[in-house]
Amino acid sequence: MSSQRCPSYYNATIKQETHYPSLAGELSTDVVVIGGGLTGVAAALELAEKGYKVVLLEANKIAWGATGRNGGQVTGSLSGDQAMTQQLRKKIGSEAEDFVWNMRWRGHDIIKQRVEKYQIDCDLKFGHIQTAYQASHMHELTAMYDEAHRRGMGEQLTLVPKDEVPNYLGTTLYHGGLLNRRNMHLHSVNLCIGEARAAEQLGVQLFEHSAVVDIKDGAAATVYTANGKVTANAVLIAGNAYHKLARPQLRGMLFPASLGNCATVPLSEAQVEAINPHDLAVYDCRFVLDYYRLTADKRLMFGGGTNYSGREPKHVAKELGASIARTFPTLKGIDIEFAWAGMAGIVLNRIPQLGKVSPHVYYCQGYSGHGVATSHIMAEIVAKAIDGELSEFELFAGMHHWRIPMNEWVGNQALALGMMYYQLRERLR
Ligand SMILES: Cc1cc2nc3c(=O)[nH]c(=O)nc-3n(C[C@H](O)[C@H](O)[C@H](O)COP(=O)(O)OP(=O)(O)OC[C@H]3O[C@@H](n4cnc5c(N)ncnc54)[C@H](O)[C@@H]3O)c2cc1C
């Protein structure tokens with residue numbers, strides 16, 4: 001895979017390209033962050049705000065990984081919420097439900113504050129609709145709506161019955177939806193680069209083309225790249241499904257799923273008005289879902305499907321073109337100007353994974369395709385832990401995770417089978 005940026009819509013519309021040096025020589029610092037995606041950059045910024053000296057090492061470019069390839073949707077769909085609540089009940093009892101509910105929205109607040117505080121130009125917009133692909137999906141949307149009402153967030157949500165869907169989306173595909181005005185969508189690369197620049201201004205030293213090849217932990221931790229090394233009191237591994245570090249400890253915990261995404265040519269005003277007049281981000285309720293939205297220059301960005309073999313899908317544009325035509329027949333045959341794929345780190349029980357692999361080395365990964373908000377939440381929790389505030393970190397570090405003690409290929413096949421099971425179960429509902 002090239003270490004340069006992929007040919008995505010995001011990368012063609014970067015506001016200010018990064019040109020950080022490659023690490024050469026020896027440094028010592030408080031914290032080393034490995035990985036320059038949203039997790040690593042958000043954690044570096046959080047730590048710099050707390051006064052820590054931080055070095056961030058990115059193997060490729062800032063926002064090169066999933067952060068540079070995603071759908072840009074910031075939603076309250078915390079992955080693994082049910083499994084998380086179940087496990088938390090055993091630890092914090094009846095507070096578990098409140099904890100998970102509040103966590104759903106915490107990433108939104110962090111992102112909004114960052115964008116305002118550091119004046120990050122990332123096309124941030126509010127408005128999202130989760131759609132019912134099957135009639136039975138309305139039960140879960142109604143349950144979410146009822147819970148939001150019970151918790152005082154009701155005015156931000158509207159339950160949309162089937163006959164009102166055309167007011168929001170120009171498609172007959174859905175059985176209804178849940179409109180959410182708190183959810184957002186944004187340009188993920190410009191957000192990440194904006195946060196990286198804010199971190200740099202606070203003294204973080206950033207390096208690109210600086211892959212960490214080894215970590216040794218002793219009295220302090222030292223990380224090694226091809227041409228340099230950095231010693232620190234704490235190291236955070238934030239490499240998502242793209243890294244192979246700390247293998248004995250992390251093997252079999254996270255599985256790379258290749259997801260596709262694309263952007264059409266800009267739509268005409270009439271097309272925008274016909275398909276998505278309120279500029280909403282959209283995804284449906286299926287396990288393997290379609291997700292789409294309009295970009296700032298009014299392209300339809302449309303993602304969906306998975307290829308759990310861990311390879312990049314070969315025909316992303318062709319596959320997604322068919323999905324676009326199925327969703328919006330009036331756009332059948334529209335030119336797709338950008339098509340790309342990226343790796344999401346999938347966790348079997350979907351609960352984000354935080355923990356330590358050795359006394360000074362932390363890790364933070366596994367948002368199962370829902371990481372724009374979650375990366376910020378987890379980065380905050382791990383930064384607090386490094387700063388000595390351990391309570392939330394320990395809750396996550398203590399979560400039980402399934403591990404498939406096989407090589408990655410076998411693990412991916414097992415995951416693919418699991419996905420097929422869930423998809424079949426969904427069709428039978
Ligand atoms: C196609 C697609 C669509 C998605 N859509 C959405 C969405 O709409 N909403 C949502 O919430 N989430 C979405 N996600 C998920 C979301 O993008 C991710 O959860 C999130 O970006 C993860 O951020 P990260 O920083 O943990 O990982 P990444 O962004 O993958 O960053 C990891 C970085 O670590 C670097 N790295 C790896 N190994 C090393 C090493 N040894 N040394 C140094 N650096 C290293 C990599 O080069 C990479 O830049 C989507 C993901 C994909 C792939």
Is one or more of the residues making up the stretch 134-149 surrounded by 18 or more Cβ atoms within 10 Å (Cβ to Cβ) and touching a Phe, Trp or Tyr at 6+ places or on another chain (Cβ under 6 Å)? no
Which residue out of G152, G127 is without any contact (Cβ under 8 Å) to a residue 24 or more places away in the chain and not in a helix (DSSP H, G or I)? G152
Among the residues listed as A48, A44, the single one being at negative phi and away from the ligand (no atom under 15 Å from the Cβ): A48
Please enumerate the residues belonging to the stretch 175-209 that are touching a residue at least 40 places away in the same chain (Cβ under 8 Å), farther than 23 Å from L280 by Cα and either among the small types (G, A, S) or in contact with a strand residue (DSSP E or B) (Cβ under 8 Å, 6 or more places away or on another chain) (or both). G194, A196, A198, A199, G203, V204, Q205, L206, F207
Could you tell me whether A66 is open to solvent by 20 Å² or more (accessible area, probe 1.4 Å) and near the ligand (Cβ under 10 Å from one of its atoms)? yes
Regarding G260, is this residue in contact (Cβ under 8 Å) with a residue 24 or more places away in the chain and near the ligand (Cβ under 10 Å from one of its atoms)? yes
Looking only at the stretch 219-230, decide whether some residue is modelled with pLDDT of 95 or more, open to solvent by less than 20 Å² (accessible area, probe 1.4 Å) and within 11 Å of the ligand (Cβ to nearest atom). yes
Filtered residues of the stretch 233-245 (kept if within 10 Å of the ligand (Cβ to nearest atom) and either open to solvent by less than 30 Å² (accessible area, probe 1.4 Å) or more than 17 Å from the chain's Cα centre (by Cα) (or both)): I237, A238, G239, A241, H243, K244, L245
Across the stretch 150-174, the tally of residues that are of a type in the set (S, T, Y), surrounded by fewer than 20 Cβ atoms within 10 Å (Cβ to Cβ) and touching a strand residue (DSSP E or B) at 6+ places or on another chain (Cβ under 9 Å) stands at 2
Based on this model, can you work out whether K61 counts as of a type in the set (D, E, K, R) and outside any helix (DSSP H, G or I)? yes
Output the number of the condition that A296 fails; it satisfies all remaining conditions of (1) away from the ligand (no atom under 14 Å from the Cβ); (2) touching a Phe, Trp or Tyr at 6+ places or on another chain (Cβ under 7 Å). (2)
Quick check on this structure: which one of Q113, Q73 is open to solvent by 50 Å² or more (accessible area, probe 1.4 Å) and within 25 Å of the chain's Cα centre (by Cα)? Q113
Conditions (1) within 13 Å of the ligand (Cβ to nearest atom); (2) crowded, with 23+ Cβ neighbours inside 10 Å; (3) under 30 Å from N233 (Cβ atoms): number failed by L320: (3)
Name every residue in the stretch 77-110 that is open to solvent by 20 Å² or more (accessible area, probe 1.4 Å) and either under 17 Å from H128 (Cβ atoms) or among the charged types (D, E, K, R) (or both), in order of residue number. S77, D81, R89, K90, K91, E95, E97, D98, R104, R106, D109
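The values are calculated or read from the model by the stated rules, or taken from the named source; none is laboratory data. All values derive from a computational prediction rather than experimental measurement. With ideal geometry, Cβ positions are generated from the backbone for all residues, glycine too; neighbour counts draw on all protein chains shown. All accessible areas refer to the heavy atoms of the entire protein, side chains included, with ligands and DNA or RNA removed. Shrake-Rupley method; radii C 1.70, N 1.55, O 1.52, S 1.80 Å.
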